[in-house]
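A quick write-up on the structure given underneath.
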């Protein structure tokens, strides 16, 4: 005699609504724990990363060194370099025709590295979407270099530091190696800009939560021997160890 139908279990039985709800609750709880754990890990890494590199750094004398600036705002960071020094004339790489207004009265170039989609798809903060932001942070993505004509002013978001010519030469190599090169070793300009005073170029490297524009600036400073956090993925931390004033 066969067993009563009500006691037979089949792999083809359709789960009840209550079962699906329980499973959904389990998945959501696991996803929440994963997100929470990832955020905690990231914060721990960011905090540990505040340990300074190059603690023995001493600014060079302003009369014999090269004064650079670092901009670090609420989101983004840039390295700001003089247009021409004995080490390099940046006009040999960023030609007048790259900017709709030529060089104007600029004395410096502000150079930044970052996520391609974030840069090119969000010229204004009102253009920022959750998808663009999430992709930039969570998914390793292609990058671009952004170069702006500048006349830097010292303020809370833009601070100067003077480094030796040898240190500046290392910084120049770091910046140049961040640009993707064409077959003739020239920079690959992108046909896009925000206004008359900036230009975009193809870059090397991938952008993600552990390799942000702020990391790029901090790594450049570390390469030049400047005291800066060992790991600096979030904005403004790159300026934590800058000297309070220049003499």
_Additional length obtainable on full extension of the chain from residue 195 to residue 177, 0.36 nm per residue less Cα span_ = 3.9 nm
*What does the highest-first list of 163-169, 102-108 look like by mean Cβ count within 10 Å?*
163-169, 102-108
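Shape verdict for segment 52-239, please, from the Cα gyration tensor: rounded (a/c under 1.5), prolate (a/b greater than b/c) or oblate.
oblate
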*Mind checking the log10 I(q)/I(0) for segment 147-219 at q = 0.26 Å⁻¹? Debye, one equal scatterer per Cα, no solvent, two decimals.*
-1.32
*Once both labels are modelled 7 Å past Cα along the beta-carbon direction, what's the residue 29-residue 236 spacing in nm?*
3.8
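Bear in mind that the values in this text are calculations on the coordinates, not laboratory data. Predicted model, so just to flag it, every value in this text is computed and none were measured. Positions of Cβ are generated from backbone atoms using ideal geometry, with glycine treated the same way; all protein chains shown enter the neighbour counts.
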